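Asks: Can you read through this structure? Questions will come right after.
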């Protein structure tokens, strides 16, 4: 149990770092006159996956919800509504946004779920307490023969 809690906390740290990196990457893209609103959400899921040690679909759902909110926050930070520049106004009028904005926000959430629910083998050499169970494999060098 401790191992899964630690794994989820590591996933939270990774998601936070991925979200920050994704936000600044989006900022850089906007300065290049490009638009990639799905990137912050996808980076959130990637960061979570890189540090988490086990597979967890509920963690993927949490990443998707966080990515949806991050996508809305990112859109609001760079392109607020002219009528009212408040975040609550943007959330309430989500369906008044351009279809590409809605699609990219949704795809960012889908990618966050899809990537965030899995654990990356990249850092699998790090073992945490209670999560060090190795799968047993039959030894291929031993052959059983009947005499």
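The values are calculated or read from the model by the stated rules, or taken from the named source; none is laboratory data. Because the structure is predicted, anything quoted here is derived from the model rather than measured. Cβ placement follows ideal geometry from the backbone for every residue including glycine, while neighbour counts extend to all protein chains displayed.
Asks: Are there any pairs with C-beta distances below 7 angstrom linking a residue in region 96-113 that is touching a residue at least 40 places away in the same chain (Cβ under 8 Å) and on the phi > 0 side of the Ramachandran plot to a residue that is surrounded by 17 or more Cβ atoms within 10 Å (Cβ to Cβ) and not in a helix (DSSP H, G or I), with the two at least 6 apart or on different chains, and if so which?
Replies: none
Asks: I'm checking my understanding of the structure. Among residues of region 51-67 that are in contact with a helix residue (DSSP H, G or I) (Cβ under 7 Å, 6 or more places away or on another chain) and surrounded by fewer than 19 Cβ atoms within 10 Å (Cβ to Cβ), which one is farthest from residue 103 (Cα to Cα)?
Replies: 54
Asks: Given the conditions (1) out of contact with any helix residue (DSSP H, G or I) (no Cβ under 7 Å at 6 or more places or on another chain); (2) more than 18 Å from residue 53 (Cβ to Cβ); (3) modelled with pLDDT under 90, and given that residue 88 satisfies all but one, which numbered condition is not satisfied?
Replies: Tallying (1) out of contact with any helix residue (DSSP H, G or I) (no Cβ under 7 Å at 6 or more places or on another chain); (2) more than 18 Å from residue 53 (Cβ to Cβ); (3) modelled with pLDDT under 90, residue 88 fails exactly one: (3).
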